[in-house]
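Data first, discussion second: the structure below is written as structure tokens.
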Amino acid sequence: MSGHSYEKYQSPLTSRYASPEMSKLFSAATRFYTWRKLWLNLAIAEKELGLGITEEAIQEMKEHLTLTPADFETAALEEKKRRHDVMAHVHAFGLVAPKAAGIIHLGATSCFVTDNGDLIILRDGLDLITEKLVRVIDRLAKFAEEYKNLPTLGFTHFQPAQLTTVGKRTTLWIQELLWDLRNISRARNDLGFRGVKGTTGTQASFITLFEGDHEKVEALDRRVAELSGFNQTYPVTGQTYSRKIDIDVLNALSSFGATAHKIATDIRLLANFKEIEEPFEEDQIGSSAMAYKRNPMRCERVCSLARHLMILSQDALMTNSVQWLERTLDDSANRRISLPEAFLTADILLSTLQNISEGLVVYPKVISRRIAQELPFMATENIIMAIVKKGGDRQVCHEEIRVLSHQAARQVKEEGGENDLIERIKKNEYFKPIWEELDNLLDPKTFIGRAPQQVDRFLADYVRPVLAPYEETLK
């Protein structure tokens with residue numbers, strides 16, 4: 001019982017939130033499978049270029065790429081003895097593929113598997129992130145289309161400003177997500193492969209293996225990259241690939257974290273207004289004490305985890321800055337935490353945002369009531385212009401409506417009443433020439449400018465072309 005998992009700390013990223021596919025990607029099973037696949041690719045390429053590696057050795061390696069529980073136990077015991085994880089797994093692989101035992105890891109340094117393996121996992125992780133990000137963009141695009149014409153009160157400084165529409169506000173979120181997609185795609189497409197570079201990046205061991213044949217060493221570098229799914233290797237490295245690559249990746253993910261936080265915060269503010277809510281399940285409990293509450297717990301989770309994601313890029317920045325000369329090992333422990341956590345956190349944020357975006361609830365009547373509370377003040381300029389068109393004096397009209405506006409403001413702020421500016425205008429004989437026009441002058445749709453047209457153009461010109469290559473993913 002003492003060894004049970006619930007008596008040990010488990011990261012909530014994997015035990016509570018992350019998707020199975022992202023959790024598996026950063027698992028020990030995937031990591032060490034990737035190492036074995038890299039050793040296989042190295043052996044295949046070395047054999048193709050003339051080294052004495054048998055087909056039987058290659059076949060045995062192919063048959064034992066996936067580690068068994070016994071393999072893990074063997075490697076753990078060996079690592080405890082040797083204090084070296086890579087050599088422990090070389091030993092474990094050799095035991096199950098004895099015909100290949102003598103050529104596994106031939107000419108390589110530990111970073112051949114650790115760094116190339118990390119690059120493979122980063123690439124695959126960015127692919128998973130991209131698929132999920134595209135889904136969130138697609139769901140929000142549908143929401144923007146549905147509500148492009150629904151007027152809502154806009155805010156600047158979190159104070160009532162001019163009207164916008166629910167759909168137009170959503171495009172502000174989508175635009176930032178499109179930039180995140182650009183950043184993440186760029187980081188993914190810029191990834192190269194460390195390849196076969198040797199202990200300090202000079203390829204000295206490989207030039208010895210191939211008896212001074214530089215062309216074969218370069219061909220080996222290219223071939224192993226090709227077998228591993230990369231079309232380029234970094235032209236020069238130290239012992240590791242530059243940790244600046246980690247900066248590029250984590251910066252893109254951290255930047256997405258800022259977007260996620262912004263979106264979730266906006267929804268939380270609107271939930272307080274009771275204008276828009278995240279999905280709330282039938283049996284969900286909002287508060288243990290206050291049964292009526294509908295707390296925006298999904299958006300709160302997004303904000304909470306987004307803060308964690310945003311700071312992880314600092315780990316990559318500081319790690320890269322202290323990589324002395326050809327490398328130092330003070331990167332390893334940090335990267336074992338920061339890289340998986342960045343991907344797991346981004347994955348969780350996207351899954352949660354997808355859930356939110358697929359079930360957003362809009363309350364048009366609440367939105368309309370809030371507009372009605374503020375619109376009379378916003379309509380004063382329209383009212384002045386209407387009086388002027390009837391032959392009135394602008395300055396006189398301005399003073400008349402200023403007085404009434406202040407009276408209505410006192411009614412709202414000091415007496416807690418409704419905004420009755422329009423009723424005051426309807427009782428004031430000065431404004432009688434436009435009484436019949438007031439309903440048209442106060443139509444919210446006349447205050448939203450080109451918001452619906454902007455939504456249409458944005459979706460047509462910027463969103464749908466980006467989503468088009470992912471049509472199969474979005475089904």
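Hey, can you tell me all the residues within the stretch 359-368 that are part of a helix (DSSP H, G or I) and among the small types (Gly, Ala, Ser)?
368
Take the stretch 267-288 and flag every residue that is at pLDDT 90 or above and either open to solvent by 30 Å² or more (accessible area, probe 1.4 Å) or in a loop (DSSP other than H, G, I, E, B) (or both).
268, 269, 272, 273, 274, 275, 278, listed by residue number.
If I filter the stretch 235-246 for residues that are β-branched (Val, Ile, Thr) and open to solvent by 40 Å² or more (accessible area, probe 1.4 Å), do I get at least one hit? Let's see the steps before the verdict.
The initial filter retains those residues of the stretch 235-246 that are β-branched (Val, Ile, Thr), namely 236-237, 240, 245.
Subsequent filtering for residues that are open to solvent by 40 Å² or more (accessible area, probe 1.4 Å) retains 236.
Yes, the conditions are met somewhere in the stretch 235-246.
Here's a check for you: in the stretch 8-35, which residue that is among the charged types (D, E, K, R) and farther than 30 Å from residue 217 by Cα is least open to solvent (accessible area, probe 1.4 Å)?
21
Considering each of 337, 371 in turn, give the residue that is out of contact with any His (no Cβ under 8 Å at 6 or more places or on another chain) and without any contact (Cβ under 8 Å) to a residue 40 or more places away in the chain. Step through it out loud before you land on a result.
Working: 371 fails: without any contact (Cβ under 8 Å) to a residue 40 or more places away in the chain.
It is 337.
Can you run down the residue pairs with Cβ atoms below 8 Å, 6 or more apart or on separate chains, where the first is in the stretch 292-315 and more than 15 Å from residue 261 (Cα to Cα) and the partner is open to solvent by 60 Å² or more (accessible area, probe 1.4 Å)?
313/251; 315/337
Please give the number of the condition residue 313 fails out of (1) touching a Leu at 6+ places or on another chain (Cβ under 9 Å); (2) farther than 30 Å from residue 141 by Cβ.
Failing condition for residue 313: (2).
Within the set of pairs 6+ apart or on separate chains, which have a first residue in the stretch 199-213 that is on the phi > 0 side of the Ramachandran plot, a second that is assigned to a loop (DSSP other than H, G, I, E, B), and C-beta atoms under 7 Å apart?
201/236; 201/237; 201/238; 201/239; 201/326; 203/196; 203/197
Residues of the stretch 146-159 being closer than 17 Å to residue 265 by Cα and either touching a His at 6+ places or on another chain (Cβ under 7 Å) or open to solvent by 40 Å² or more (accessible area, probe 1.4 Å) (or both), which ones?
Matches in the stretch 146-159: 155, 156, 157, 158, 159.
The values are calculated or read from the model by the stated rules, or taken from the named source; none is laboratory data. All figures in this text were calculated on a predicted structure; none of them were measured in a lab. No Cβ is skipped: glycine too gets one built from the backbone with ideal geometry, and neighbour counts run over all protein chains shown. Only protein heavy atoms, including side chains, enter the accessible area calculation; ligands, DNA and RNA are left aside. Shrake-Rupley method; radii C 1.70, N 1.55, O 1.52, S 1.80 Å.
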